[in-house]
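Engineer: One structure coming up, written as structure tokens, with questions to follow.
The values are calculated or read from the model by the stated rules, or taken from the named source; none is laboratory data. Quick caveat, the model's predicted, so the values are computed rather than measured. Because the Cβ atoms are built from the backbone with ideal geometry, glycine has one as well, and the counts that use them run over all protein chains shown.
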Amino acid sequence: MAEVFGIAAGAAGFISLLIQIINGIDTLREINDRADKAPAELASLITELHCLKQLMEEARDKAQCKDDSMVQLCHASCEDVVRGLEKLKKRLPPESKGIGKQKVLKIFEFRHWKEDVEILQRSIQGAKINLILINIRSTSVRIEEMMLVNQIHISPPPLTSPEGDIHTIPPMPPVLASSDNSNLGSHATACIVPPKFRRFASMTPLHEAVLLGSFELVNEWIPRSNKDERNFLGQTPIHLAISNSRYLLALVNAGHDVDAADNYGITPLMYAAAANQEECLMALLEAGASLHLLETRYKRTFMQYAAIRGHWNLILKVLSWIEAVAEKAVVESWAEYATILYYVVYPDFFQDREVSFQQLLGKCGCPNFTFHYYDKELENSSLLHYVRSAKDVEVLLEHGFTIINHVNSAGQHALMSAILNQSGLEVVHRLLDAGAEVDLKDNLHKTTLYHLLDKLQTGCITTRLETMDILRILLAKDVDVLSRDSCRCPCSPNGCLSSAILKSSVCEHFFSALVPVWSLEWLSLVIEHRGTSEAKITLLSFIRNAKFDEMEMTHVCCSRDRSQCSPWLFSQRSSMSGEDIDEILEEESEFVKILEDEMALSSAKVYETLLDDWMLQIKASLEKSCEKAIEYNKQFACNKAPRQDQFVVDYKNDYFTNFSTSYPTAKDPAREVTSDIAQYIRWMEHEYHHGSTSRLEKSPRDDWYFRRISSLRRLVNALEISMAEIVDRTRNMWMPESERLSFNVEESIKHFQESLI
């Protein structure tokens, strides 16, 4: 039987193997010709062997060195093919049945071929890969390792694939020109893909040709394939062609849908935008691809896919293309959208983009457009609401921006947004110079001052330094420090002042106790810029709030439950209905009368006396916090147990979730209040020596410091906290390394102690 294939036992060398392969091809072709219905695998096998023959002829001259491990491996893989051919022949009966002179093989004669054909195909595939790698030897690739990996790929799989009928023959041209190195390289790429995955995931021959084949192969399969066939991801061949303009144009010219959507609604235009394939993207636009389609999962456009990946040059070129083909209104609409993506949705925090804000803004026409920012649920915002630098303010103004006090759906103008977004002192200064109103109220009747005071008591020292500078600017711009909202709560019968956001007594902030030391600082600022009269009104509001909390009355405004000291939580709560407010006011009417009587007495007192009364209220609130802490610590000590690992069933994801049980540390309000005071001292010393105050003349500078040290001494004496303890907390307080370099702790402590004498 071996003689039929011309296989000589013990043959060595490529020439001998090549002769045997050629004889095998001839024999298989003869069998195929005289069979009345040969299996399709037989024709494919002949094509594969013909391709192998050409590769062997090309590698023949490179296989003279028998000691070369690569040559030996190629020789061994070709011998496997020869043995496979011999085994395949054994499946045929020795005598073929026929009628007359023509002997015809019946289809049942091939019924046992399938397994042997698959094994032989894997052997051919492995031999082809090894031969191709020898023919395109590269110093930059470890060919031996690739060939070893190939041996793993061609080994038979242990289990039958669950994906169904997976074809193992890649789409290749019937003839591979040995002189075409580019075709050879692409053929190598196609072959290296493990045979198990050939036609995997509903990939058609055209899909594979676009991904792995040559231009000739793509053109060969286009007329033989249905248009817009999809793989398991819903991708058509045109989706896979977005990195090769020749393939793409061939598909477009053949009538493939340029707006075909995959399973997620993503179009080829979106693919090209995300991959920064400018040539293909422009080709799709010229072919009529729609710019307006949205994918189904996140509702993104092609331009948003480009923006996510930072392809701003591509976006700029698309805008130029739109300018050439569309009306001015359409161009400006797309330019506005691109500018919003650039500046608002995906801001340039690192300032390293090749395309500038000015370039996009220049294509927008008038920059006074507004938009809806869905991530923050804000509508009717302008670009000025998201400005991050004074330079950007200048850019907008230079391009004709005029709606300085335009408000968004929250009723906030750009100045408020600059405070909320912490855009910085220079931005605020430039907005004020441009005409921003300082007393404009938002939908909750809160002013810019309200939001700024919130930053004062919740920020770090760097934020507080900048906040203090902005406060001075607003005060210099005649901001109304007595502006009130529409609150009906008895804590502020005529509406809450902007300073209502500040603390009026010791209270818990998350897991620590805070003292109203920044409220004390605000009083000092009001005295310096507005005088004692307005400072007294502000102080009376603090006293009223403290009394309100002492009486455990119910807040019915946005600042209710103020004792919890979490402004963020306040903002998350919905407003009370008018009926609920009326009911609470009626239930607590007796308490309201008592509160009004006490406040009438307080109103008759002078400022300094009121300040002492407030200090006593602060002391009482600290004592109350200490009592609660003692009870909490007792309960904590009783319930304290070793840390335990527990498991909870996550039924949705079908697995166990492990978490550790931990217990909070003991509370110490007195120590926490001391730390809060120490932070204020650190800020005060920094401001005196290095901040804006340091640039004042000596007399006003010393007056500034004396006023604050006097108020602080009054607070410390009322709380009965020793100066030694405060100094110790100041000395051992953690601070960032950058701040430590500019802040001499010991010198500041020395200055503070000397000022107390």
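Engineer: For the range 440-465, which positions are surrounded by fewer than 17 Cβ atoms within 10 Å (Cβ to Cβ) and charged (D, E, K, R)?
Structural biologist: None; the set is empty.
Engineer: Moving on. Is it the case that the range 363-376 has a residue that's within 19 Å of Leu314 (Cβ to Cβ) and in contact (Cβ under 8 Å) with a residue 24 or more places away in the chain? Step through it out loud before you land on a result.
Structural biologist: Applying the first criterion (within 19 Å of Leu314 (Cβ to Cβ)) to the range 363-376 yields 363-364.
Still in the list and also in contact (Cβ under 8 Å) with a residue 24 or more places away in the chain: 363-364.
Scanning the range 363-376, I find at least one residue that is within 19 Å of Leu314 (Cβ to Cβ) and in contact (Cβ under 8 Å) with a residue 24 or more places away in the chain, so the answer is yes.
Engineer: Please tell me if Ser486 is touching a residue at least 60 places away in the same chain (Cβ under 8 Å), surrounded by fewer than 23 Cβ atoms within 10 Å (Cβ to Cβ) and within 22 Å of Thr448 (Cβ to Cβ).
Structural biologist: Numbers: touching a residue at least 60 places away in the same chain (Cβ under 8 Å): no; surrounded by fewer than 23 Cβ atoms within 10 Å (Cβ to Cβ): yes; within 22 Å of Thr448 (Cβ to Cβ): yes.
When the stated conditions are applied, Ser486 does not pass them.
Engineer: May I pose another question? How do the pairs read when you match residues in the range 48-61 that are of a type in the set (Lys, Arg) with residues anywhere that are in a helix (DSSP H, G or I), using Cβ under 8 Å and keeping only pairs 6 or more apart or on different chains?
Structural biologist: Lys53/Leu18; Lys53/Ile21; Lys53/Ile22; Lys53/Ile25; Arg60/Phe14; Arg60/Ile15; Arg60/Leu18
Engineer: Follow-up. Here are the criteria: (1) assigned to a helix (DSSP H, G or I); (2) within 22 Å of Asp439 (Cβ to Cβ). Tell me which single one Ile404 does not satisfy.
Structural biologist: That leaves (1) as the condition not met.
Engineer: Go through (1) over 21 Å from Trp518 (Cα atoms); (2) under 43 Å from the mean Cα position of the chain (by Cα); (3) hydroxyl-bearing (Ser, Thr, Tyr) and name the single condition Ser699 misses.
Structural biologist: Against the list (1) over 21 Å from Trp518 (Cα atoms); (2) under 43 Å from the mean Cα position of the chain (by Cα); (3) hydroxyl-bearing (Ser, Thr, Tyr), Ser699 comes up short only on (2).
Engineer: Follow-up question, since we're still on this one. For the range 1-110, which helices (runs of 4 or more DSSP H) that fit wholly inside it have 3 or more residues that are at pLDDT 80 or above and closer than 23 Å to Leu131 by Cβ?
Structural biologist: Details: elements: 2-5, 14-34, 40-59, 69-90.
Of the helices (runs of 4 or more DSSP H) lying wholly inside the range 1-110, those with at least 3 residues that are at pLDDT 80 or above and closer than 23 Å to Leu131 by Cβ span 14-34, 40-59, 69-90.
Engineer: Kindly list, by first and then second residue, each pair from a residue in the range 445-464 that is at negative phi to a residue that is modelled with pLDDT under 85 and acidic (Asp, Glu), limited to pairs with Cβ atoms under 8 Å and residues at least 6 apart or on different chains.
Structural biologist: Between residues of the range 445-464 that are at negative phi and residues that are modelled with pLDDT under 85 and acidic (Asp, Glu), the close pairs are Ile461/Glu739; Thr462/Glu739.
Engineer: Counting just the residues of the range 271-326 that are more than 25 Å from Phe357 (Cβ to Cβ) and among the acidic types (Asp, Glu), which one comes out surrounded by the fewest Cβ atoms within 10 Å (Cβ to Cβ)?
Structural biologist: Here the residue is Glu286.
Engineer: So how many residues does the range 595-610 have that are farther than 18 Å from Ser504 by Cβ, of a type in the set (Val, Ile, Thr) and part of a helix (DSSP H, G or I)?
Structural biologist: Total meeting the criteria: 0.
Engineer: Does the range 482-493 contain any residue that is touching a helix residue (DSSP H, G or I) at 6+ places or on another chain (Cβ under 8 Å), within 30 Å of His690 (Cβ to Cβ) and not basic (Lys, Arg)?
Structural biologist: Checked the range 482-493: no residue is touching a helix residue (DSSP H, G or I) at 6+ places or on another chain (Cβ under 8 Å), within 30 Å of His690 (Cβ to Cβ) and not basic (Lys, Arg).
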